[in-house]
Amino acid sequence: MIRVEHIPVDGDDQRSVAVVTMDRQDKRNALTPDLLENIVNVAKLVHAGQGKAHAIVLAGAGPTFCSGFDLSLCKDDPLVMPDLLTKLAAAVRALRNCTVPVVAAAQRGAIAGGCAILAGCDFVITDTNARLGYPVVRLGVSPAISSSTLRIAIGDGHTRERLLDPGLISGAEAARIGLASECVETPEQVLPRAIELATNLARKPHHALVATKRWLNEIDASNDSDLHNAALQASLAIAGGEEERQRLQAIWK
Amino acid sequence: MNNPTNNLCLLDRTDAVATLTLNRPDARNALSIDLLDALSNRLDEVAQADNVNAVILAGAGRAFCAGMDLKAVLDEPGAPAQLLTRIANVTLKLRALPMPTIARVNRAAIGGGCGLMCVCDFAVTHDDAKIGYPEVDLGVCPAVVAPWLVRKVGAGVARRVLLAGGTMSGTRAHELGLVTSLAPSDSLDEEVRNLAERIASGGPCALRATKEWLNELDGSTLAEQVNRGALISTEVVTSDEARASLSKAFSR
């Protein structure tokens, strides 16, 4: 479900880039509670200094980065959506709190929960024609969970537009509004560019980089638990409710 | 005015526009303790001056500012803390000037120099200028100037700029919002002058009230965060890792 590969930097096996790959290709890497827990665990291991990773690349196996929650798990059990939302919030926070920089390699598509994960990463590489966004209001689900991280990444105006509009935007537009840090031409160029950037980051003096990320987390409220919990609660307030049930069941008819 | 240290920062005035010039051209205006003291004194003078309605911050000679003069303080115990406390105080004072400020950035604004640029309300440079925060590349943490960049370009862009280190062109700095506008390098003075005169044509009370409100709104008046940033930068710059990286850079 999650693969972790360490790429030594300049042949130094004490300094690596950890490429963390979500691997459910047949489901376009749809997020399950287990997969999200795995992301939390890997981020915490790196945070604790195990594995010598000095930067992380978060990738999705196959053609698409991530299609969002695995909705097939939600159709018969109203408790799954709240569980997914809670674990998504934990994964996003674990990536942001991880001591080393995290680069997302978001090729072709980052939808709903897949897009939410990007706001926890420090850098996001995508491709010009990728599709990104939060179409979940259509499912009777509130993307409020992403508000706290998205406001930090792209500001209030863009956050409002992206969370209320269920439409998707292109990779080029994501780069324009700051949701992506960089946009390459083709999906195939995304992962190599993400690894290149992460390798450059991993080469930098470690103590300075870690201190800088920690300080940024403090001054931009990334580490404000109350703020993130409030955002999660706003989504949980309607999770598993009647509107969601009806709209999800309509998908499977 | 007779204090020789004050020659490290010059103050000129034409009509309602005052110009502060960092004046250590031989060191590309690297920010030393003495230069920051001189700038601090000049900021006091400007803040109290009558009928000044806009302030230009410039650098004498070939470049706006090469950054903090770390070389001078590295081997002296206590000196890095003095230098970083001074840059924190100067940035707070510059931001608190009641009239709008414009950085005139010729050639380079690096590290602490880029920090000063981003404290100003406006910045004008040219397309091939060298702009940025290479601190992390040198084992140094830009914590003391980070809050101003976050206010200037937002937290998302600031994170990427500060973690990635290195420098960027004037064109890229303009795209990211660090710089207000670009001018051909041979007409930089004229562009800055025109902008300053246009700004200075506003009503002094209206300009002051607006700037004061913007400072309050975005947290610019809160000293605590910048002062804590100075402590963090000091802690990192005196670490073994930073010493090793800086010694290597200085010996090049």
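The values are calculated or read from the model by the stated rules, or taken from the named source; none is laboratory data. Treat the numbers as computed from the prediction; the structure is a model and nothing was measured. Note: ideal-geometry Cβ built from the backbone for every residue, glycine included; neighbour counts use all protein chains shown. The accessibility values were calculated without ligands, DNA or RNA, using every heavy atom of the protein model including side chains. Shrake-Rupley method; radii C 1.70, N 1.55, O 1.52, S 1.80 Å.
What whole-number value in Å² describes the accessible area per residue of chain A for a 1.4 Å probe?
Working: 10340 Å² over 253 residues.
Ligands and nucleic acids excluded, the result is 41 Å² per residue.
The calculated FRET efficiency for the pair A:R214 and A:E173, based on their C-beta separation and a Förster distance of 45 Å, comes to about 0.90. Under a Cβ-Cβ cut-off of 10 Å, what is the net charge of the residues other than A:T99 that fall near it, where Lys and Arg count +1 and Asp and Glu count -1? Summing Lys/Arg as +1 and Asp/Glu as -1 gives +2. Label reach from B:S251 (point 7 Å along Cα→C-beta): in the range B:65-81, no amide nitrogen lies under 11 Å. Between chain B and chain A, roughly 2200 Å² of accessible surface gets buried, counting both sides and using a 1.4 Å probe. Measuring heavy-atom accessible area with a 1.4 angstrom probe and counting protein chains only, the residues of the range A:169-210 that give up at least 20 Å² relative to the chain alone are A:G178, A:S181, A:K204, A:P205, A:H207, A:A208, A:L209.
Using the Karplus relation 6.51 cos²θ - 1.76 cosθ + 1.60 with θ = phi - 60°, the per-residue 3J(HN,Hα) values for the range B:118-124 come to 6, 6, 5, 6, 9, 9, 10 Hz, with x marking Gly and Pro. Can you compute the FRET efficiency between B:A49 and B:S181 using 1/(1 + (r/R0)^6), with r the Cβ-Cβ distance and R0 = 45 Å? Round to the nearest 0.05. Between B:A49 and B:S181 the formula returns 0.95.
Our helix-only sum for chain B, with -39,500 (n - 2.57) per DSSP H run of n ≥ 4 divided by its residues, gives a mean residue ellipticity at 222 nm of -15000 deg cm²/dmol.
With every protein chain present, what is the per residue accessible area of the range B:1-104 (1.4 Å probe, Å²)?
Numbers: 4310 Å² over 104 residues.
Roughly 41 Å² per residue, with all protein chains present.
Each Cα pair under 8 Å and six or more residues apart adds its sequence gap; the mean of these over the residue count of chain A is a relative contact order of 21 percent.
Per-residue SASA remark: A:D12, around 60 Å² accessible (1.4 Å probe; ligands, DNA and RNA not included). Model label sites at A:L79 and B:R243, defined 7 Å from Cα along the beta-carbon direction, differ in position by 5.8 nm. Across A:M1, B:M117, B:M68, the residue with the most accessible area heads the list, and the full order at a 1.4 Å probe is A:M1, B:M68, B:M117.
Taking a Cβ cut-off of under 13 Å around B:R28, the surrounding Lys, Arg, Asp and Glu residues balance to a net charge of +3, with basic ones at +1 and acidic ones at -1. Ordering B:A244, B:G203, B:G229 by the projection of their Cα atoms onto the charge dipole of the protein assembly as shown, which places +1 on the Cβ of Lys and Arg and -1 on the Cβ of Asp and Glu, puts B:A244 at the extreme positive end. Atom-type composition of the exposed protein surface of the range A:118-165 places 51 percent of the accessible area on carbon and sulfur (1.4 angstrom probe). Residue-wise HN-Hα couplings along the range B:82-98, as the Karplus relation 6.51 cos²θ - 1.76 cosθ + 1.60 with θ = phi - 60° gives them from phi, are 4, 5, 6, 5, 5, 5, 4, 5, 5, 5, 5, 5, 4, 5, 7, 3, x Hz; Gly and Pro carry x.
For the range A:138-236, the list of GluC sites (Glu not before Pro) that fall in a loop by DSSP and count at most 16 other C-beta atoms within 10 angstrom reads A:E185.
Residues of the range B:150-164 that become at least 20 Å² less accessible with every protein chain present than in their own chain isolated, using 1.4 Å: which are they? Hits at the 20 Å² cut-off: B:V150, B:A155, B:G156, B:R159, B:R160, B:L162, B:L163, B:A164. Roughly speaking, to the nearest percent, how much of chain B's 1.4 Å accessible area is carbon and sulfur? Ligands and nucleic acids excluded, carbon and sulfur reach 51 percent.
In the structure shown, the pairs A:K204/B:K130; A:K87/A:K204; B:K130/B:K211; A:K87/A:K253; B:K93/B:K211 are assessed against 25 Å; a Cα-Cα span above that value is assigned to A:K87/A:K204; B:K130/B:K211; A:K87/A:K253. For trypsin sites (Lys or Arg not before Pro), no site in the range B:132-172 is both called loop by DSSP and has at most 10 other Cβ atoms within 10 Å.
In a fully extended conformation the segment linking B:S201 and B:D128 would gain 23.2 nm over its present Cα-Cα distance, using 0.36 nm per residue.
Using only Cα atoms, find the angle between the long axis of helix A:33-47 and the longest principal axis of chain A, and express it within 0 to 90 degrees, rounded to the nearest 10. Here the helix axis deviates by roughly 20 degrees. Dipole check for chain B: with +1 at the C-beta of Lys and Arg, -1 at the C-beta of Asp and Glu, and the Cα centre as origin, the magnitude is about 360 Debye.
Between the residues A:N38, B:A18, B:V150, the greatest Cα displacement towards the positive end of the dipole of the protein assembly as shown, with unit charges on the Cβ of Lys, Arg, Asp and Glu, is found for A:N38. Under the simplified labelling scheme, the A:A230-A:K44 pair shows an inter-label distance of 2.7 nm, with each label point 7 Å from Cα along Cα→Cβ.
What fraction of the DSSP beta bridges in the protein assembly as shown is antiparallel, stated in percent and rounded to the nearest 5? Each step should come with its number before you reach the end.
Working: 18 of 60 bridges.
In the protein assembly as shown, approximately 30 percent of DSSP beta bridges are antiparallel ones.
Counted residue by residue at 0.36 nm each, then reduced by the alpha carbon distance between them, the extension gain from B:D15 to B:Q82 reaches 20.5 nm. Pop a pseudo-label 7 angstrom from the Cα along the beta-carbon direction at both B:R172 and A:K27 and give the gap in nm to one decimal. Here the answer is 4.0 nm between the modelled labels.
Given +1 on the Cβ of Lys and Arg, -1 on the Cβ of Asp and Glu, and no further charges, what dipole in debye does chain A carry about its Cα centre, rounded to the nearest 20? Present the calculation step by step, with values, prior to reporting the outcome.
Details: 26 positive and 29 negative charges, 7 e Å.
It works out to roughly 40 debye.
Helix B:204-217 and the long axis of chain B differ in direction by around 30°, with both axes built from C-alpha atoms.
Compute the FRET efficiency between A:E37 and A:H206 as 1/(1 + (r/R0)^6), taking r as their Cβ-Cβ distance and R0 = 30 Å, and round to the nearest 0.05. Please list the in-between numbers first.
Details: r = 27 Å, r/R0 = 0.92.
The value I calculate is 0.65.
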